[in-house]
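The values are calculated or read from the model by the stated rules, or taken from the named source; none is laboratory data. Computed from a predicted structure; not experimentally measured. So basically every Cβ, Gly included, is an ideal-geometry build from the backbone, and we count neighbours across all protein chains shown.
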Amino acid sequence: MVVLEPFTEADFDRLIGWIPSSDFLLQWAGPDFEYPLNRERLSEHLTGTQGELPSKLIYKVVDSEDGTVIGHIEMAAVDRRNGSARVCRVLVGDPSYRGRGIGTVMMEKIVEIGFCQLGLHRIELAVFDFNTSAIRCYEKVGFVKEGHLRECRKADDG
């Protein structure tokens with residue numbers, strides 16, 4: 001169905017094209033990026049993905065049947081000493097693939113990497129409470145709510 005392959009500079013323009021607004025960027029990436037997303041900032045973001053023990057893993061999501069790049073997913077804050085990491089920036093970017101269970105498969109694959117390849121014992125994530133489709137996806141894969149951060153981000157309108 002899908003495979004995860006390393007995200008590289010060749011993938012920047014596609015990802016930038018999937019981010020249509022500042023609100024969408026905030027929902028996808030939190031406060032770490034400013035709109036409009038650009039190649040320079042993505043290049044900086046790739047820092048930490050190289051070497052024998054990278055602190056983050058960034059993937060493009062590829063349809064294994066036809067090779068089309070359809071999404072993006074990351075595992076960041078990889079802490080091998082404590083066996084933990086955070087899944088973030090999960091996006092089914094190609095709208096024609098949304099609503100087909102691709103997000104669930106992406107999550108299953110990144111969780112498998114964390115537990116089976118990296119030997120982690122804890123994988124966490126954060127999601128805005130209004131992103132109900134993402135919450136359903138994460139719960140389907142086995143994530144459970146542990147808490148809520150209240151009033152931690154301001155919207156553009158105050």
Q: May I ask you to list the residues in the stretch 1-13 that are loosely packed, with under 15 Cβ neighbours inside 10 Å, in a helix (DSSP H, G or I) and in contact with a Lys or Arg (Cβ under 8 Å, 6 or more places away or on another chain)?
A: GLU9, ASP13
Q: Answer yes or no as to whether SER96 is among the small types (Gly, Ala, Ser), surrounded by fewer than 18 Cβ atoms within 10 Å (Cβ to Cβ), part of a helix (DSSP H, G or I) and in contact with a strand residue (DSSP E or B) (Cβ under 9 Å, 6 or more places away or on another chain).
A: yes
(Q) So for the stretch 63-76 (the condition being of a type outside the set (Phe, Trp, Tyr), within 13 Å of the chain's Cα centre (by Cα), farther than 22 Å from THR132 by Cα and not in a loop (DSSP other than H, G, I, E, B)), does at least one residue qualify? (A) yes
Q) Does the stretch 16-36 include one or more residues that are in contact with a strand residue (DSSP E or B) (Cβ under 9 Å, 6 or more places away or on another chain), farther than 22 Å from GLU112 by Cβ, assigned to a helix (DSSP H, G or I) and of a type in the set (A, V, I, L, M, F, W, C)? A) yes
Q. From the list SER43, SER64, which residue is exposed (fewer than 12 other Cβ atoms within 10 Å of the Cβ), hydroxyl-bearing (Ser, Thr, Tyr), closer than 22 Å to GLN117 by Cβ and in contact (Cβ under 8 Å) with a residue 24 or more places away in the chain?
A. SER64
Q) Is it the case that GLU124 is closer than 28 Å to PHE12 by Cβ and surrounded by fewer than 10 Cβ atoms within 10 Å (Cβ to Cβ)? A) no
Q) With respect to the numbered conditions (1) farther than 20 Å from ALA126 by Cα; (2) at pLDDT below 95; (3) assigned to a helix (DSSP H, G or I), which one is the sole condition not fulfilled by SER43? A) (2)
Q) Listed residues ARG136, ARG122; which is without any contact (Cβ under 8 Å) to a residue 12 or more places away in the chain and among the basic types (Lys, Arg)? A) ARG136
